[in-house]
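The values are calculated or read from the model by the stated rules, or taken from the named source; none is laboratory data. Because the structure is a prediction, the values reported are computed rather than measured. Neighbour counts are summed over all protein chains in view; Cβ atoms, including those assigned to glycine, are modelled from backbone coordinates with ideal geometry. All accessible areas refer to the heavy atoms of the entire protein, side chains included, with ligands and DNA or RNA removed. Shrake-Rupley method; radii C 1.70, N 1.55, O 1.52, S 1.80 Å.
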Amino acid sequence: QVQLVERGGGLVQAGGSLRLSCAASGRTYIPYIMGWFRQAPGKEGEFVAARSRTGDSLLYADSVKGRFTISRDNNKDTVYLQMNDLKPEDTAVYYCAAHPATWPPPSRFKYWGQGTQVTVSS
């Protein structure tokens, strides 16, 4: 089992930045793909970004490429999502997820955090 706790959400103006963090605990010695997803009100959840444990493999949704960066500190068992040039359409609940595999990301991750709200005002 792995437990995930996200932090860092909040309210920001369009064009601003936020950094989300996700701390993992439990069986973190197993290689995991870490990912971020989001769900806006009235919409289905969507993939945002994923990163392998080594960082050799990265994947981003087209909507966030060039603006968001996923990184991880394996010593702290923490993954980050740096979000720059935020837009109102980035408003959503952001979820951290982990899956016990090396690569590629699965269609459905096994472990999920509770989510953190990001609101971007215009």
Item checked: Hits in the range 22-47 - residues which are open to solvent by 30 Å² or more (accessible area, probe 1.4 Å) and either among the β-branched types (Val, Ile, Thr) or part of a strand (DSSP E or B) (or both) -> Ala23, Ser25, Gly26, Ile30, Phe37, Gln39, Glu46, Phe47
Note to self: Checking Arg7 against (1) open to solvent by less than 40 Å² (accessible area, probe 1.4 Å); (2) under 13 Å from the mean Cα position of the chain (by Cα): exactly one of these is not met. Which one?
What the structure shows: (1)
Next item on the list: Tell me which residues, restricted to the range 35-65, are among the small types (Gly, Ala, Ser) and more than 12 Å from the chain's Cα centre (by Cα).
Entry: Ala40, Gly42, Gly45, Ser52, Gly55, Ser57, Ser63
Next item on the list: Evaluate the following for Ala50: is it assigned to a strand (DSSP E or B) and open to solvent by less than 80 Å² (accessible area, probe 1.4 Å)?
Entry: yes
Notebook entry, point to check: Are there any strands (runs of 3 or more DSSP E) wholly within the range 54-121 with 1 or more residues that are open to solvent by 30 Å² or more (accessible area, probe 1.4 Å) and more than 23 Å from Gly42 (Cα to Cα), and if so which?
Noted result: 58-60, 68-73, 78-83, 92-99
Notebook entry, point to check: Does Ser52 satisfy the criteria of being farther than 30 Å from Ser121 by Cβ and out of contact with any helix residue (DSSP H, G or I) (no Cβ under 9 Å at 6 or more places or on another chain)?
Noted result: yes
Next item on the list: Among the residues of the range 23-53, count how many are among the hydrophobic types (A, V, I, L, M, F, W, C), modelled with pLDDT under 90 and in contact with a Ser or Thr (Cβ under 6 Å, 6 or more places away or on another chain).
Entry: 0
Checklist line | Enumeration of residues in the range 10-21 that are among the hydrophobic types (A, V, I, L, M, F, W, C) and either open to solvent by 50 Å² or more (accessible area, probe 1.4 Å) or under 16 Å from the mean Cα position of the chain (by Cα) (or both) | finding: Leu11, Ala14, Leu18, Leu20
